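What follows is a set of notes on a single structure, which appears directly below.
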Amino acid sequence: MSEPRHHEVIVLGAGVSGIYQIKRLVDLGLDAIVLEADEDLGGTWYRNRYPGCRFDSESYTYGYSFSRELLDEWHWKERFSSQPENLRYLNFVVDKFGLRRHMRFEARVEAMRWDEDRRVWELGLANGQRYTARFVVTGIGVLSTPAMPSYPGMDEFEGDAFHTYWWPKEPVPLEGRRVGVIGTGATGIQVIADIAEVVKELFVFQRRPNWSTPLGNSPISEEEMAEIRSRYDEIFATCAGTHGGFDHPPEPRRFGDVSPEERKALWDELYATPGFAIMARNFADIFFDEDANREMSDYVASRIRDRVDDPAVAEKLIPKDHGFATQRLPLETNYYEAYNRANVHLVDLSETPIERVTRQGIQTTAEHYDLDLIVYATGFDAITGAWDRMDVRGAGGATLRDAWRDGPSTYFGLMTHGFPNLLMLAGPQSVSGSTNFPRAIETGVDWVTAFLEHVTKQGATRFEAREDAEKEWVEEVVAAQERMLMRRSRGWFTGYNANVEGHDAGTFRYLAYWGGAPRYKERIDRLTDEGYPGVELE
Ligand code: NAP
């Protein structure tokens with residue numbers, strides 16, 4: 001067997017995080033490459049090609065902020081840009097900065113072993129190649145491990161069937177077809193609204209409804225884009241200063257300080273405002289206080305009833321088991337109106353569960369549905385799923401999978417005790433899962449870059465998070481989540497996934513930090529200023 005190839009730094013993943021990270025490492029003059037499992041770059045935006053797939057962060061807050069030139073050159077065509085355009089953008093960035101030559105594709109890392117004597121990571125790839133690296137930085141994604149249900153007969157279905165994450169590159173015919181969509185999370189809601197007009201019959205297999213509010217998409221003209229460009233500094237400053245990292249300044253008033261009429265006036269305004277304003281500009285109390293949340297939920301329920309013609313269908317679309325925004329809020333475009341169409345049928349799995357998939361379709365306890373295409377919009381093994389799929393062995397041979405069996409433990413989502421020289425982008429217990437994703441990514445990459453610069457300048461060859469320092473951070477992560485109403489909800493924020501062993505209802509994980517983007521940044525900046533007190537450097 002040939003000798004493994006060595007690099008000082010290896011970045012895993014050429015998605016939004018990995019692209020920015022390799023740019024910073026190359027600028028630093030470090031010997032670094034990216035290993036990407038897919039055949040090309042883009043991560044989330046390379047994979048999720050399902051109909052209706054688009055941002056629900058404002059496009060101009062999603063792009064990278066690090067290069068003025070880039071900001072000036074790129075025109076976001078829509079306020080909430082769609083997947084093909086997002087993938088074009090990432091390719092544009094990579095080509096502009098000549099980053100492709102630092103990327104290796106079809107390079108899925110299956111195993112990583114820490115060699116304490118040589119102080120390197122040994123990486124084993126699915127294609128048989130081997131690498132070693134002094135430092136590994138992971139950008140393996142928070143929603144990159146799709147989860148499938150396990151209904152009997154799934155292999156026997158004779159039509160097309162795809163998980164939304166694995167949607168093919170080639171166009172999938174929809175016209176004239178009978179389509180079943182399983183799942184009504186952010187993905188299912190986008191698919192359903194997008195294809196309702198096109199397909200012959202659409203059967204939505206819903207187990208539990210989600211709350212959802214209007215996205216408010218619109219085109220961005222040349223003039224509007226010029227205006228946005230002139231305000232980029234202000235936009236990014238607003239994002240940096242707000243809890244969720246969005247371009248929506250917070251509501252200063254408390255829920256209890258204003259009359260029900262004034263609350264309704266604010267909610268009417270927010271319901272008509274694009275994007276996550278309805279969360280970011282709402283009374284903070286709705287996330288913490290049962291009464292405030294109930295009134296808000298009643299408000300959104302009334303908007304759903306207004307939009308759905310059949311009152312019985314409307315009731316099925318209104319969540320009864322969790323309050324508004326206590327699971328990840330999907331944003332929608334004409335989602336509720338889709339159910340007013342004669343060709344769209346809601347199948348309530350809480351009344352008539354799926355028994356099996358057949359050769360021709362789906363059999364519930366009540367009926368058989370003939371289908372040509374089944375769309376599995378059934379979500380992801382979120383945040384730790386990609387880690388659990390790799391065999392990562394740290395100091396002493398302990399596996400990360402075992403260490404995190406009941407939930408992750410990290411130091412600011414950036415490293416984890418027992419696994420030296422390993423840095424994580426969008427890691428568990430950072431703010432990447434809980435705030436505007438790319439803004440948090442830039443925060444993480446900037447920190448990691450400065451840290452690696454410090455380590456290499458010191459001539460250090462080993463670093464590791466201290467156990468006691470990590471414990472303190474995890475306690476803060478737990479405390480922040482426990483303050484919120486979402487702490488007992490059944491969504492990926494709390495690690496729930498009915499299709500993943502150990503993640504079923506009743507188990508709660510602490511996967512993200514809910515203390516807000518500004519506080520998180522302040523805390524990790526302080527680590528830098530104080531010379532990394534929680535990290536042992538040798
Ligand atoms: P999700 O929110 O986890 O939703 C999965 C859906 O599938 C749920 O409705 C779930 O029902 C259902 N489901 C799972 N297993 C099932 C089964 N065996 N039988 C019937 N139904 C089943 O996943 P997602 O919609 O893919 O969204 C995941 C995340 O991706 C989002 O929260 C968001 O962060 C991200 N995303 C972002 C965008 C965007 O930026 N615009 C778009 C799409 C997704 P239960 O709730 O009953 O388990």
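The values are calculated or read from the model by the stated rules, or taken from the named source; none is laboratory data. What you are looking at is a predicted structure, and each value in this text was computed from that prediction instead of being measured. Don't worry about glycine lacking a Cβ; one is built from the backbone with ideal geometry, like all the others, and counts go over all protein chains shown. Side chains included, ligands, DNA and RNA excluded: accessible areas come from the protein's heavy atoms. Shrake-Rupley method; radii C 1.70, N 1.55, O 1.52, S 1.80 Å.
Close amide-amide hydrogen proximity is noted between Ile383 and Leu143, Ser144, each under 5 Å apart and 5 or more residues distant or on a separate chain (H modeled in the peptide plane; Pro and chain starts excluded).
Which helices, taking whole DSSP H runs in the chain, have alpha carbons extending 15 angstrom or more along the helix axis plus mean Kyte-Doolittle at least 0.5?
Within the chain the helices that satisfy the rule are 16-28.
Summed over the residues of the chain and divided among them, the accessible surface reaches 41 Å² per residue at a probe radius of 1.4 Å.
The listed residues Arg341, Arg108 rank as Arg108, Arg341 when sorted by accessible area, largest first, using a 1.4 Å probe. Dipole of the stretch 253-328 computed with +1 at Lys/Arg Cβ and -1 at Asp/Glu Cβ about the Cα centre; of Ser302, Phe288, Gly275, farthest Cα towards the positive end is Gly275. Measuring between their Cα centroids, the stretch 159-206 and the stretch 251-278 lie 34 Å from each other.
Between the listed residues Ala265, Phe324, Phe437, the Cα displaced farthest toward the positive end of the dipole of the chain, a dipole computed from Cβ unit charges relative to the Cα centre, is found at Phe437. Between Arg359 and Glu522, residue separation times 0.36 nm minus the direct Cα-Cα distance comes to 53.1 nm. Surface composition of the stretch 106-187: carbon and sulfur make up 46 percent of the accessible area, probe 1.4 Å. Counting 0.36 nm for each residue step from Met148 to Ala460 and taking away their Cα separation leaves a gain of 108.0 nm. The charge dipole of the chain, taken about the Cα centre with unit charges on the Cβ atoms of Lys, Arg (+1) and Asp, Glu (-1), comes to about 600 debye, rounded to the nearest 20. What percentage of all Cα-Cα pairs in the stretch 331-388 are separated by more than 16 Å? Distances greater than 16 Å cover 63 percent of the Cα pairs.
For the stretch 425-475, what class follows from the C-alpha gyration tensor (a ≥ b ≥ c being the square roots of its eigenvalues): rounded when a/c is under 1.5, otherwise prolate if a/b is larger than b/c, else oblate? Judged from the Cα gyration tensor, the stretch 425-475 comes out oblate (a/c at least 1.5, b/c at or above a/b). Under the combined filter of DSSP loop state and at most 11 neighbouring Cβ atoms within 10 Å, the stretch 324-369 retains these GluC sites (Glu not before Pro): Glu351, Glu367. The stretch 344-391 and the stretch 13-89 have Cα centres separated by 30 Å. Taken as Cα centroids, the stretch 296-316 and the stretch 406-423 sit 44 Å apart, rounded to the nearest whole angstrom. As a calculated quantity, the FRET efficiency between Ser2 and Glu261 at R0 = 56 Å, using C-beta atoms, amounts to about 0.15.
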